[in-house]
Amino acid sequence: MKAHLVQKETGNEDLGPFLDRAQEAGAGLVCFGELATSGCLYEPREVATLESHLERFRMYDLRIMVGLPLKTDEGLRNTYLYYHKGAHQLYHKINLFPPMNEPGIYAPGQHPGIWETDFGRIGAAICYDLRFPEIFKNLVARKVDLIFVPAAFPKARINDWRELLIERARESRCRIVGINAVGDDGTNVFGGTTMVVDPEGNVLAQADEQTETVLEVEL
């Protein structure tokens, strides 16, 4: 399946052109990074509703993965959404990153990111989750076919991002897709390097550290 991995400027909240491009190109899946609809939140604030996002996605005959802040009964969540043909599934980030004040903004997730899709059982983890190997061991134990890791990973630690994606792929013996942001939000500069890594740790595709771009891959 043709997939578009969107390495987006952190301040660019307009997903429409990327969705239009994916649909026109005949892609089956378009993947955005962590908090792609809003950029990073460093203080609590009002966010768009889930329904408003779903309403927009109904315009597209695409499988869509996107990170967003989501208001729930338990509080705000750092969430990754899978949408296809009117149905959606969610993963709430389990491990919140203190240096970005995530524990002060979000409630932590409690359940592994596992989605049943028409192209397999898919695993999801978000950014800081990458530093916790037990997250990936749990996903593999539940027989996922592929793991997606959306992120807002700062450029200052981008070598950790590369090394951890490769390490987790080797440990899990599972293909891993990492989707990162680029740009400067005034607090952090993000380091791109969106990647696809095979179960042996080989990098199959990789974007650069600073360009807003779409990486087109076969998954």
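The values are calculated or read from the model by the stated rules, or taken from the named source; none is laboratory data. As the structure is a prediction and not an experimental result, all values here were calculated from the model. In this analysis, Cβ positions are derived from the backbone assuming ideal geometry, glycine residues included, and neighbour counts consider all displayed protein chains.
Just a few scattered comments:
- Qualifying residue in segment 111-127 (condition: touching a residue at least 12 places away in the same chain (Cβ under 8 Å), assigned to a strand (DSSP E or B), among the acidic types (Asp, Glu) and at negative phi): yes
- Flag for residue 178 being modelled with pLDDT of 95 or more, small (Gly, Ala, Ser), in contact with a strand residue (DSSP E or B) (Cβ under 7 Å, 6 or more places away or on another chain) and assigned to a strand (DSSP E or B): yes
- Residue count for segment 179-192 satisfying the condition of being surrounded by 15 or more Cβ atoms within 10 Å (Cβ to Cβ) and without any contact (Cβ under 8 Å) to a residue 40 or more places away in the chain: 2.
- Matching residues in segment 69-97 - criterion: being of a type in the set (A, V, I, L, M, F, W, C), in contact with a strand residue (DSSP E or B) (Cβ under 6 Å, 6 or more places away or on another chain) and closer than 17 Å to residue 116 by Cα: 81, 90
- Summed over segment 74-84, the residues that are at pLDDT 95 or above and over 15 Å from the mean Cα position of the chain (by Cα) give a count of 2.
- Check on residue 140, β-branched (Val, Ile, Thr), in contact (Cβ under 8 Å) with a residue 24 or more places away in the chain and closer than 15 Å to residue 35 by Cα: no
- Filtered residue count, segment 1-44, keeping only those that are under 22 Å from residue 154 (Cα atoms) and assigned to a loop (DSSP other than H, G, I, E, B): 20
- Residue 60 assigned to a loop (DSSP other than H, G, I, E, B) and at pLDDT 95 or above: yes
- Segment 140-158: number of residues that are crowded, with 24+ Cβ neighbours inside 10 Å and either among the aliphatic types (A, V, I, L, M) or out of contact with any Asp or Glu (no Cβ under 9 Å at 6 or more places or on another chain) (or both): 5
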